[in-house]
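Heads up: the structure comes next, in structure tokens.
The values are calculated or read from the model by the stated rules, or taken from the named source; none is laboratory data. What you see is a predicted model, and the numbers here were worked out from it, not measured in a lab. Cβ coordinates were reconstructed from backbone atoms using ideal geometry, including for glycine residues, and neighbour counts include every protein chain displayed. To get the accessible areas, we keep the full protein, side chains included, count just its heavy atoms, and leave off ligands, DNA and RNA. Shrake-Rupley method; radii C 1.70, N 1.55, O 1.52, S 1.80 Å.
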Amino acid sequence: MKRPTILVLGAGYGGLSTVVNLQKLVGTDEADIILVNKNDYHYESTWLHEASAGTLRPDQVRYDIQGVINKSKVQFVKATVEGIDVNTKKVATSAGEYTYDYLVIGLGFEGETFGITGLDKYALSIANVNAARQIRDHIEYQFATWSTEENRDDARLTIVVGGAGFSGIEFLGELGNRIPELCEEYDVPKEKVRVVCVEAAPMVLPGFDPELVEYAVRQLEAKGIEFSIGTPVVEATPEGVKIKKGEEEFEFIKAGTVVWAAGVRGNRLIETSGIENMRARVKVEKDMRAPGFPDVFIVGDCALMINEETNRPYPPTAQIAMQQAVTVAKNIVALMKGENTKEFVPELKGTVCSLGEHDAIGDVMGRKLTGTKASIMKKVIDNRALFMIGGVPLVLKKGKFKL
Ligand code: FAD
Ligand code: NAD
């Protein structure tokens, strides 16, 4: 009998963890496992705010995929997926067409701009390693240019961050540490620099513990970061952003850098795949399969699952993506054996949000943490993700040990 082909698209937390789990469960001759990813490296999306601010080297955020897969069981293909058609079971990639017996879609997130004019063109987004490099280099370019130009334009030194969700706040935490270094490096007086966070909702980190949010805002404000709350960005231009302050009241913030961190959607390829979706996210069955397509699994940020306790979707996080991957791998093996699949049950352990290298807030297993304790917890979580995929060698190579 022909061995089944398991095709995994994307080597993010969801896709790569699925493969690492599959290679433990499937014997060499039992299946052909093919992993397709745009780059030959995986990047820790959860560290991209650090690379974007310039507080962590971009190469520290990424590692080789070949180093963590079992090459006798998994074929890695470095290629860009260009189209998915679940009706004909065909996946078009820059390296040719693939078909499958089981498909796992783990193509991750894209920044959501909600159709706001100008954002696609004039704002930068913390999307991947090279996008992070662009943000870091753009900010440095503005500092260097300000220092050399004759008629100095102080707006070059204004950075607007759209969105005070976890990504926005973590990026601001890094900027809070990086700006003083940049000021020294480029001889820029600190008071010339403005970092403004613009949030649409009436509070920072909407829905998170108010006491922890208050701590975070206090710490960031102490580093000179300004907040404009309840004032959605309504337009971006080459000169900055327009924000809405009241029914008919608007303000324009002139800024040399605009970083958009106001939410995510699934990968656009989902929209033309033939699977029903909402903002490129698929409301999956309880066992992580796509409705109507029993041989297609969705993992990570492309999957949408409702938390029945709150009647709201679970947030798209690496924590959930890695847990889903375990279930997806087990369920594929169950199908191969003609057994029943199992339901995915998330085990939410909490959330830790960093505020720069040595500070953080966290709500972990019902315990509130701030400062050094929370920051150490964040590093433990970061190292655990490395361990789950590449074991001790990967932790030693890429882990965070500076307390
Ligand atoms: P991704 O990690 O986005 O991986 C998708 C993969 O698919 C990538 O390798 C990409 O290169 C590849 N790919 C995309 N398109 C194609 C294509 N066309 N062809 C081939 N390959 C392709 N979550 C937490 O739980 N904790 C945190 O602390 C945390 N911090 C975060 C900080 C930031 C700054 C950001 C932006 C997110 C953070 N998240 C955090 C959320 C977390 O990063 C995502 O939920 C997680 O990355 C989703 O994993 P994924 O596998 O679905 O997708
Ligand atoms: P998010 O959706 O969590 O937050 C986006 C924020 O942008 C919201 O506060 C929203 O009100 C605001 N916003 C939306 N439209 C706006 C507008 N027009 N103007 C101004 N503000 C606007 O998105 P995120 O922060 O990118 O996070 C994405 C996912 O990644 C979430 O699930 C999050 O939990 C996860 N994440 C987790 C961590 C962590 O655990 N430490 C860190 C980063 C991200």
* Asked: Are any residues in segment 14-54 open to solvent by 20 Å² or more (accessible area, probe 1.4 Å), assigned to a helix (DSSP H, G or I) and under 24 Å from Gly83 (Cβ atoms), and if so, which ones?
  -> Ser45
* Of the residues Ala236, Ala144, Ala155, which is touching a Phe, Trp or Tyr at 6+ places or on another chain (Cβ under 7 Å), open to solvent by less than 40 Å² (accessible area, probe 1.4 Å) and away from ligand 2 (no atom under 13 Å from the Cβ)? -> Ala144
* Could you list all residues from segment 110-129 that are open to solvent by 60 Å² or more (accessible area, probe 1.4 Å) and in contact (Cβ under 8 Å) with a residue 40 or more places away in the chain? => Phe114, Thr117, Lys121, Tyr122
* Asked: Can you tell me which residues in segment 110-136 are of a type outside the set (Gly, Ala, Ser) and within 12 Å of ligand 2 (Cβ to nearest atom)?
  -> Glu110, Glu112, Thr113, Phe114, Ile116, Thr117, Leu119, Ile126
* List every residue pair whose Cβ atoms sit under 8 Å apart, with the two residues 6 or more apart in sequence or on different chains, where the first one lies in segment 190-201 and is over 16 Å from Ser228 (Cα atoms) and the second, anywhere, is open to solvent by 20 Å² or more (accessible area, probe 1.4 Å). => Lys190/Pro180; Lys190/Gly224; Lys192/Asp154; Val193/Gly224
* Asked: Restricting segment 96-109 to residues that are away from ligand 2 (no atom under 16 Å from the Cβ) and surrounded by 13 or more Cβ atoms within 10 Å (Cβ to Cβ), which is farthest from Thr327 (Cα to Cα)?
  -> Tyr98
* Structure fact -> The one condition Val74 fails out of (1) aliphatic (A, V, I, L, M); (2) outside the structural domain of Ala11 (by TED's automatic domain parsing); (3) within 10 Å of ligand 1 (Cβ to nearest atom) is (3)
* If you go through segment 324-340 one residue at a time, do you hit one that is touching a residue at least 24 places away in the same chain (Cβ under 8 Å) and within 16 Å of ligand 2 (Cβ to nearest atom)? -> yes
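Quick check on segment 207-229: of everything there that is assigned to a loop (DSSP other than H, G, I, E, B) and under 24 Å from the mean Cα position of the chain (by Cα), which residue is modelled with the lowest pLDDT?
Gly207
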* To do: Considering each residue of segment 290-330, count those that are more than 8 Å from ligand 1 (Cβ to nearest atom), charged (D, E, K, R) and under 22 Å from the mean Cα position of the chain (by Cα), and give that number.
  => 1
* **Failed condition for Met1, given (1) away from ligand 2 (no atom under 16 Å from the Cβ); (2) modelled with pLDDT of 95 or more; (3) open to solvent by 20 Å² or more (accessible area, probe 1.4 Å)** => (2)
* Asked: Yes or no: Val282 part of a strand (DSSP E or B), open to solvent by less than 30 Å² (accessible area, probe 1.4 Å) and more than 15 Å from ligand 2 (Cβ to nearest atom)?
  -> yes
* Can you find a residue in segment 241-249 that is modelled with pLDDT of 95 or more, open to solvent by less than 60 Å² (accessible area, probe 1.4 Å) and either outside the structural domain of Leu9 (by TED's automatic domain parsing) or under 30 Å from Glu339 (Cα atoms) (or both)? -> yes
* Residue check: is Phe76 in contact with a Leu (Cβ under 9 Å, 6 or more places away or on another chain), in contact (Cβ under 8 Å) with a residue 24 or more places away in the chain and surrounded by fewer than 20 Cβ atoms within 10 Å (Cβ to Cβ)? -> yes
* **Set Phe297, Phe401, Phe387: member being away from ligand 2 (no atom under 16 Å from the Cβ), of a type in the set (A, V, I, L, M, F, W, C) and more than 26 Å from Gly10 (Cα to Cα)** => Phe401
* Number of the condition not met by Ile139 [criteria: (1) open to solvent by less than 60 Å² (accessible area, probe 1.4 Å); (2) more than 19 Å from Asn267 (Cα to Cα); (3) within 16 Å of ligand 2 (Cβ to nearest atom)] -> (3)
* To do: Find the strands (runs of 3 or more DSSP E) located wholly in segment 93-132 whose residues include 1 or more that are in contact with a Lys or Arg (Cβ under 6 Å, 6 or more places away or on another chain) and of a type in the set (Val, Ile, Thr), and list them.
  => 96-99
* Answer yes or no as to whether Val193 is closer than 20 Å to Val241 by Cα and surrounded by 21 or more Cβ atoms within 10 Å (Cβ to Cβ). => yes
